[in-house]
């Protein structure tokens, strides 16, 4: 039987697929950076391609005006040649390094650290989770004929005071030949283990050592990977991609349900792994690093994401009483997880608190330094799950709620993550002129989280939408679209795709729900702790907004509490920052377990007041204007 | 191409073999207990079979009078049917449990402990290397919804004060379903690890726990396995078999040379593993124990044997300056070694001292308790290598020399190990009548080590051989055989094989060389330490002699120093006893590393005096009769 092939142009890349698979599956297999944010359900309409020839079966909903079709709704039945237009490609797996600083409240997030946040090296003794140790071994003589392993461990102890090294059988088997061929100049790659070290590998030569690690944020919507030089403590690069699991549902609940189907857990595990491995591969190639030189990986993510990545059944996470399989810090060999780094490299999962507050939040807390401060602080992570932590170095309480992927661009007609061409800033002049700035200054392709926050705030301020988030009929830029009222953001001629970029009433509704959930969680947690918002001395904001977040605008929308903006710090992706800190410091890694254990979890789903808080927050900035005096003052008297 | 098959009768077992393989290979593949002690070189003449039909190619040396041929010298060229006669079978993988006690100096060795040696349980707190821990876990509630793993580790801590448990990903993946299906009554199988425990497995039910371990002595000639109940501290059974590596040479040097050939190391590793796994399988079946219930294995053996078992290249062991890959205690998962017990069971290798003093000697020292006594002691292990240790709890010095397999029955025409039918006692009455006693009281099949010692001493005392070990022409029982003078031990009608059991001049020469090497090592080590033999307060003798050793006769031959017999204790297989002690006590296991480190190794091969000592010892009892006053008195004035 002939296996159908798909050839992508202009890449001239051909892959074999099973009959019945979609073009989107083929795209994944071929590694073509086709945009897609709905996970292959024909909703986001990003995966537009043109068939140049061959057999294909297309759902009615997958046929678009003109030559384009949706890759996710086209099934391969025979050999086919497909063109992937420039406008459908999601460029730049590379996240911005924040070199271009914006004015005012725009806070640049470099891959190294958010402005104002301390660097790992300044706080902790650098002690990466894995490290290369060059060693000159004295050759054996009749008077010193200890075993090769003893010779190695003796010098580790003598030269570096390193004790308790576990050596895998695989390395032992090659040890005698290796050390002799290397003339007794070797480099030991050591991984930290509880109370000691594992010998990950032994390499010939004792010259300039190289060892790299990856910090991974396994988000429900987006996966971010940073490649870190473990010897220098620097970050070489960062990339991000949509979590391929999104094909099986937007949120953790739908993923958990899918995991319960036959083969579902393995499909989800593979989807996350493929995404991560692709990102690692790309970064490694880009920076001239061999996969075997990557010897440690620290993964942070919510509890469900870490379960799925590790192949742990997540079913009980959504069944009362909501017990995960594991929240403790885990380490194992990379090969046991499937990460394509050195097969014996150290793979670590950040410790979490409960089924709904995971290792990503522990990482956030570490990144923000909440665990080290006396200030009463609040951390808000507005990911697909919205989590809030309140506390300081003496206590930490946390809660979680489902916010949806809107702030990462999910469920928004023209939403996208903060890649090249994403609109990240929007201003509307008093005369109604709308100006935008995109990532990389490219032609606009869509709106990332920070752009959505900006846009919504500007529309509100300009009176184009009302305080319930509804576009005002007759207001500038508001028009009737195919699905009701919509706001024109970028007209077709200016957009990369040559089509109007719009924000629909449904998009606004999704954004409103997300912000209401996040704020309701934060506000109810404070209430339950008996803390007034005004008492909070410092607010840290994390999330997938992009590289910038305009704090004032986020407050104007009621996403963040109405505190003086100087009290608010945007820490960007705190999850990957915390994972990177742990990667670079065994002290941080150990401390992470203490932080996770210290956090007490408050279950909001059983709190009757949550719905009340949520409904009150479904308004811009909030139904209770007394809670947002500054925002309301800026907006003027409520108009309804 | 047709694959030739060999069918064995009366077993009616058929195996496929590659053309050109020997019948002995086919025997191994079929698991038929055919006797063979020369490793397939046509020397021992034990592997006698009858071809009933089919194609076979037989070396001239493989054709025996009558219908029999040697399996090792017959190559399979097509399908063949072979009868394996009863007399060629080596019965009873089961070692004697020492239930039948002999009189006088015969010291029974039970599988539990040598008489006079303390039991592990009396000396150390019982703390097996792996143990089952039944647990009743409190089911989760909304007020106690910690992760499943936390719930497990919390109860291990609360109920048993067990901390630092490492859990493999495989077990985590099945954890949530298992604990729920088991109604939260579970049994954790824990293996000791440095500073903590590994969770080997988690089983449903918290009833009467079962967990077993094996202690393995990996001898150059013989492999011995004991099956131990880890919960009760008792030994269920013991078996032994010829190390299949013997096909690649008699001694460690020829094995090391073979390991250097392409594929040689893997062949040797597999040969040892197959032997061990067959023995474990047999024991497990016999005692109704599942392979997965065997959760720990401690292997002792000389350094080369442990290298080969673990697949570690042994080449440097025989190259100056004689450095092994490893002497440190090693632990890993059973699957990493290939032991067919629970795949995540703990596999441990006893620590050794140097290339020529291995973990078997450390085990001997532990079994004898030399490390705990103030008495100046000497330990002599007369295996295929002869090792001596002198010292006490304050110091331990050791040496090694190659003795050959004679005392294990190797290289002796009618030598065999102490299995059913082996002659283990011999007496010659003043009238020249020779009486014997066999293992299990069966018809004699051959002579085991203790029988050989007895026989040689009786022949010497009766004047049938002279002090140089030569049969005296004209003496009773001495006759001209096909290869020179020989002594008739059992006439054909009384023997199991229906053939005369004899001891040839060449056999005696081999025994003499072995005893000379062992004594020379012991004597030179004492000399180099400035110790007179008479100062030695206690001598421990270990080795593969069988289950009994007549100390007086061993002294008469000059195998052991001429000390009062009450100062000498035969500890039997100290290697497997020490391994079993470590299996049953983590304290012993940890202590083994200290003992190995404490032992200083003396290289005798570079000591010019060794040859002189060896040559002097090639006499019965010794050239220097002043060293053996009691023995010489018993024998009367030297006759030459």
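See the values below:
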| item | result |
| --- | --- |
| Qualifying position, being farther than 30 Å from residue B:402 by Cα, outside the structural domain of residue B:400 (by TED's automatic domain parsing), at pLDDT below 95 and touching a helix residue (DSSP H, G or I) at 6+ places or on another chain (Cβ under 6 Å), among B:484, B:449, B:498 | B:498 |
| Boolean, residue A:71 is at pLDDT 80 or above, surrounded by 15 or more Cβ atoms within 10 Å (Cβ to Cβ), touching a strand residue (DSSP E or B) at 6+ places or on another chain (Cβ under 6 Å) and under 21 Å from residue A:405 (Cβ atoms) | yes |
| Which numbered condition residue B:253 misses (of (1) surrounded by fewer than 21 Cβ atoms within 10 Å (Cβ to Cβ); (2) in contact with a helix residue (DSSP H, G or I) (Cβ under 6 Å, 6 or more places away or on another chain); (3) in contact (Cβ under 8 Å) with a residue 60 or more places away in the chain; (4) outside any loop (DSSP other than H, G, I, E, B)) | (2) |
| Qualifying positions in the stretch A:530-556 - part of a helix (DSSP H, G or I) and either buried (at least 20 other Cβ atoms within 10 Å of the Cβ) or in contact with a strand residue (DSSP E or B) (Cβ under 6 Å, 6 or more places away or on another chain) (or both) | A:551, A:553, A:554, A:555, A:556 |
| Every residue from the stretch A:616-631 that is buried (at least 20 other Cβ atoms within 10 Å of the Cβ) and in a helix (DSSP H, G or I) | A:617, A:631 |
| Candidates A:175, A:142, A:131, filtered to the one that is under 27 Å from residue B:602 (Cα atoms), surrounded by 15 or more Cβ atoms within 10 Å (Cβ to Cβ) and either at pLDDT 90 or above or within 14 Å of another protein chain (Cβ to nearest Cβ) (or both) | A:175 |
| Members of the stretch A:178-197 that are modelled with pLDDT under 95 and farther than 21 Å from residue A:581 by Cβ | A:195, A:196 |
| Selection from the stretch A:386-396 of residues that are out of contact with any helix residue (DSSP H, G or I) (no Cβ under 6 Å at 6 or more places or on another chain) and not in a strand (DSSP E or B) | A:392, A:394, A:395 |
| Scope the stretch A:232-250; condition assigned to a loop (DSSP other than H, G, I, E, B) and within 21 Å of residue A:339 (Cα to Cα); matching residues | A:243 |
| Condition met for residue A:11 (touching a residue at least 12 places away in the same chain (Cβ under 8 Å), surrounded by fewer than 17 Cβ atoms within 10 Å (Cβ to Cβ) and within 29 Å of the chain's Cα centre (by Cα)) | yes |
| Hits in the stretch B:145-157 - residues which are within 42 Å of the chain's Cα centre (by Cα) and more than 8 Å from chain A (Cβ to nearest Cβ) | B:152, B:155, B:156, B:157 |
| Residue that is nearest to the chain's Cα centre (by Cα), among those in the stretch B:277-295 that are crowded, with 22+ Cβ neighbours inside 10 Å and under 30 Å from residue B:386 (Cβ atoms) | B:279 |
| Residue under evaluation residue B:433, criteria (1) modelled with pLDDT under 95; (2) farther than 11 Å from residue B:487 by Cβ; (3) touching a strand residue (DSSP E or B) at 6+ places or on another chain (Cβ under 8 Å), criterion not met | (3) |
| Residue among A:207, A:288, A:213 that is free of Cβ contacts under 8 Å to residues at least 60 places away in the same chain and either away from every other protein chain (no Cβ under 14 Å) or not in a helix (DSSP H, G or I) (or both) | A:288 |
| The stretch B:383-400 residues that are without any contact (Cβ under 8 Å) to a residue 40 or more places away in the chain, paired with ones that are crowded, with 24+ Cβ neighbours inside 10 Å (beta carbon under 6 Å, 6 or more apart) | B:392/B:377 |
| Qualifying residue in the stretch B:188-204 (condition: assigned to a helix (DSSP H, G or I) and within 11 Å of chain A (Cβ to nearest Cβ)) | no |
| Elements of type strands (runs of 3 or more DSSP E) contained in the stretch B:322-385, each with 1 or more residues being away from chain A (no Cβ under 14 Å) and within 21 Å of residue B:276 (Cβ to Cβ) | B:377-382 |
| Matching entry among B:421, B:391, B:409, B:441 (being on the phi > 0 side of the Ramachandran plot and surrounded by fewer than 20 Cβ atoms within 10 Å (Cβ to Cβ)) | B:441 |
| Qualifying residue in the stretch A:158-167 (condition: within 19 Å of residue B:307 (Cα to Cα), free of Cβ contacts under 8 Å to residues at least 60 places away in the same chain, assigned to a helix (DSSP H, G or I) and within 11 Å of chain B (Cβ to nearest Cβ)) | no |
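The values are calculated or read from the model by the stated rules, or taken from the named source; none is laboratory data. Since the structure is predicted, the reported quantities are computational estimates derived from the model, not experimental observations. Backbone-built Cβ (ideal geometry, glycine too); neighbour counts: all protein chains shown.
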